[in-house]
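Shown next, in structure tokens, is the structure this report addresses.
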Amino acid sequence: MNREHYDLIIIGTGSGNTIITSEFDSWKIAIIEKGIFGGTCLNRGCIPSKMLVHVANTICEIERGELIGVDASVNGLRWKDIVNRIYGRIDPIAEGGEQYRENLPNVTVYKGHAKFVDNKVIEVNGIQLCGHKIVVATGAKPFIPPIPGLSEIPYQTSDSIMRLDSLPKSLSIIGGGYIATEIAHIFSSFGCRVTVFARGPRLLRGQDKEIGLRFTESFRNKVDVHLNVDFQDIFEDESAGVSISCLTPLGHVSLSSEMLLVATGRTPTADELNLDSTDVSTECGYIVTDENMRTSVDEVFALGDVTNPYQLKHSANAEARVVSHNLIDPDNPISVDLDPMPYAIFSNPQIASVGATEEDLLESQTEYVKGVADYSEVAYGWAMENTDGFCKVLACPHTGKILGAHIMGPQASTLIHQLIQGMKFGQGVQELSRGMLYVHPALNEVVEVALLKANDSLH
């Protein structure tokens, strides 16, 4: 079989597509994409979901206006207009990105499924490509749990639910993590009757326990939540849609809804690449890389969700910058630095975290002090009539260095950044609380108060 030879082959066009800069103009490059150009974040993840979250948050603010003396209501929701606004922006970006790459004289775009047939040989659409250097950036896919009956019925995943033609009147969601809670927030705000089924004892059980408990309590005000669920059967009911039968600590539950969403996390796509034909090492389904993003095969790199369990766009972008440099300048490699790793959950209440949870510190027998401040303790929290938001700071009792920080409430994803910076650059709670002025009466005073409380607890 004839083989096409390339200086560089990139599989996946999410963060992998950002690797190519002007420094690669003299390289012969192949890009392989089996789906929509631009990857998960642009087309079916971060961007469309947060555009929907913004609409949902707007609705929530209108509906709670009576708390501040404003009698207002939502008169209607134009689902098609909402979706068209989102994808009317996103789809041209994806199409334009693909056209741009196709028009570069040194780049060939292959639309199809890539699989390895040897360490440096990839087959796509019956064509074999040889790459001097290869980058795997194929991302992750929805994980579908082995629940009785699930494989026999229609259901949505996070890859499909944001492009629905119309809103369902009722939606059941299997899962209690960030994808499940973000989508539950969106659709419940849009007027759907939403029911969440989670196997764990609380929603967001991977978060700091206090965050998870307080979030679950708040979330139950708008969404029907069933915890500690043992699924017995799922089947299609022609008159009622999809029926779920399960056991809970409160007894047997049987519930029908028009539509089902399976949101039980995402799993890396390494299993689709035929890596058994190579010497590329994997662990728990993820491709193993070193600090330079190199795999166990020389000149084969990997980045993003296929190698990183965090599965975050900001980590994938950081890894892509490292790979880009190391491809161009292999004699002076740089290392990826993802510590500390921050993240946010754009549900309602919003959540943002960085570093250790309180449970992590207890399990590792690490000494710590903490400062917890409620939004209701600061002036802007009063103005918002916020009663469930809070900020928690965990610190070393001897040095004051921040070990972890967790925020639940409006603007959490923005407020966390000062604490990320403190962790990254070794600034302790005393420096961060007393070493500068905080704008009054801004919401960031909730961070200041939490830092002051942690500072007061230092040994």
- request: Report, by residue number, each residue of region 315-335 that is surrounded by fewer than 18 Cβ atoms within 10 Å (Cβ to Cβ) and either among the polar types (S, T, N, Q) or touching a His at 6+ places or on another chain (Cβ under 9 Å) (or both).
  value: ASN317, ASN332, PRO333, ILE334, SER335
- prompt: Given the conditions (1) within 24 Å of the chain's Cα centre (by Cα); (2) in contact (Cβ under 8 Å) with a residue 60 or more places away in the chain; (3) farther than 30 Å from ILE234 by Cβ, which single one is not true for ASN84?
  reply: (2)
- request: Just name the residue that is nearest to the chain's Cα centre (by Cα) out of those in region 141-165 that are within 29 Å of LYS80 (Cα to Cα) and polar (S, T, N, Q).
  value: SER158
- line: Flagged pairs (Cβ under 8 angstrom, 6 or more apart or on separate chains; first in region 242-262, touching a residue at least 40 places away in the same chain (Cβ under 8 Å); second assigned to a strand (DSSP E or B) and of a type in the set (Phe, Trp, Tyr)) are VAL242/PHE235; ILE244/PHE197; ILE244/PHE231; CYS246/PHE197; CYS246/PHE231
message: Checking the conditions here, which among VAL354, VAL369, VAL378 is at pLDDT 95 or above, crowded, with 20+ Cβ neighbours inside 10 Å, touching a Gly at 6+ places or on another chain (Cβ under 8 Å) and not charged (D, E, K, R)?
response: VAL354
- request: With the condition kept exactly as written, say whether any residue in region 46-66 is more than 28 Å from the chain's Cα centre (by Cα) and assigned by TED's automatic domain parsing to the domain that holds HIS132.
  value: yes
statement: Matching residues in region 83-111 (of a type in the set (Lys, Arg) and under 24 Å from ILE29 (Cα atoms)) number 2
- request: Name the one entry in LEU312, LEU403, LEU338, LEU394 that is within 30 Å of ILE9 (Cα to Cα) and crowded, with 19+ Cβ neighbours inside 10 Å.
  value: LEU312
- prompt: Can you name every residue in region 51-68 that is at pLDDT below 95 and either assigned to a loop (DSSP other than H, G, I, E, B) or surrounded by 15 or more Cβ atoms within 10 Å (Cβ to Cβ) (or both)?
  reply: ARG64
query: Does PHE231 fit the bill of being crowded, with 21+ Cβ neighbours inside 10 Å and more than 21 Å from the chain's Cα centre (by Cα)?
result: no
- prompt: Which condition does GLY35 not pass, out of (1) in contact (Cβ under 8 Å) with a residue 12 or more places away in the chain; (2) out of contact with any helix residue (DSSP H, G or I) (no Cβ under 6 Å at 6 or more places or on another chain); (3) surrounded by 13 or more Cβ atoms within 10 Å (Cβ to Cβ), if it passes all the others?
  reply: (1)
query: Residues in region 126-136 that are over 23 Å from GLY35 (Cβ atoms) and surrounded by fewer than 15 Cβ atoms within 10 Å (Cβ to Cβ): how many?
result: 1
field: Which listed residue is small (Gly, Ala, Ser), at pLDDT 95 or above and either under 19 Å from LEU327 (Cβ atoms) or surrounded by fewer than 18 Cβ atoms within 10 Å (Cβ to Cβ) (or both), from GLY139, GLY88
entry: GLY88
- line: When region 234-264 is checked residue by residue, the ones that are in a loop (DSSP other than H, G, I, E, B) and either surrounded by 18 or more Cβ atoms within 10 Å (Cβ to Cβ) or outside the structural domain of ASP159 (by TED's automatic domain parsing) (or both) are ALA263, THR264
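The values are calculated or read from the model by the stated rules, or taken from the named source; none is laboratory data. In this text the structure is predicted, and so the values were computed from the model without any measurement. Every residue, glycine as well, gets a Cβ built from its backbone with ideal geometry; the counts of neighbours run over all protein chains shown.
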